[in-house]
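Input: a single structure, listed below in structure tokens.
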Amino acid sequence: IRLTDYVACYLKCYSAIKSVAPQVQISMQAPAPWNPSTPDAQDWIMQLATQLNMVGNKVDWIALHAYTKGYGADKFSGNPTMNPPWNHRKFGWEALYEYMQIIPFTHRQLPVLVTEVNADSSWQDDPGDWIQQMYAEVDKWNKGFGNQKILGACPFRWARHDDRWDMSR
């Protein structure tokens, strides 16, 4: 789907929802980290800024996704960059900070929620402290001077029958 088509559809939905339920808070989809396949978006980080600029004030909060590449405290920082031609982008948790830094000034007052987080690996591989580490990283970001606050982060899980994403152990 082209970004322009997505935004046109989003704006129609936003208007339709607000016309019957103006109190409902609406966000666009979170751009997929490391996805260069949107035909008319520069890259996944710039796509966020482009989307926000295209919708103007017709968004009530910002949805993002963030992932580490495996478990461990060391997975939240010092992430490598992508391979060329994306070697100016982070491969891992720090892509979240790239998103946060690209949010246009006109949208810096909006709530930010990370609607999907995980280690890009089965929850069964988690030694048991990844979620605490993740929330500590969000807290550290939020305490940074001038940083737009992240109001929540939601671990991605799935049903018990899904070995990769089941976290019900």
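Taken over segment 60-92, the criterion of being assigned to a helix (DSSP H, G or I) and open to solvent by 10 Å² or more (accessible area, probe 1.4 Å) is satisfied by Ala73, Asp74, Lys75. If you go through segment 12-59 and keep only what is open to solvent by less than 50 Å² (accessible area, probe 1.4 Å) and more than 30 Å from Thr81 (Cα to Cα), you end up with Tyr14, Lys18, Ala21, Ile26, Gly56, Val59. Identify, from the list Asp74, Asp60, the residue that is farther than 26 Å from Trp130 by Cβ and acidic (Asp, Glu). Going through Asp74, Asp60 in turn, just one is farther than 26 Å from Trp130 by Cβ and acidic (Asp, Glu): Asp60.
A count restricted to segment 68-96 and to residues that are touching a helix residue (DSSP H, G or I) at 6+ places or on another chain (Cβ under 7 Å) and not hydrophobic (A, V, I, L, M, F, W, C) stands at 6. Ser122 meets all of the listed conditions (1) polar (S, T, N, Q); (2) in contact with a Lys or Arg (Cβ under 7 Å, 6 or more places away or on another chain); (3) under 24 Å from Asp43 (Cβ atoms) but one, namely (3). Residues in segment 93-107 that are open to solvent by 70 Å² or more (accessible area, probe 1.4 Å) and within 15 Å of the chain's Cα centre (by Cα): Gln101 alone. Quick check on Asn53: is it assigned to a loop (DSSP other than H, G, I, E, B), of a type in the set (S, T, N, Q) and over 27 Å from Pro155 (Cα atoms)? Taking the combined requirement at face value, the residue does not satisfy it.
The values are calculated or read from the model by the stated rules, or taken from the named source; none is laboratory data. Bear in mind the structure is a predicted one, so any value in this text is a computation, not a measurement. A quick note on method: Cβ atoms are made from the backbone with ideal geometry, for glycine too, and the neighbour counts reach across all protein chains shown. Side chains are part of the model used for accessible areas, which takes the heavy atoms of the whole protein and leaves out ligands, DNA and RNA. Shrake-Rupley method; radii C 1.70, N 1.55, O 1.52, S 1.80 Å.
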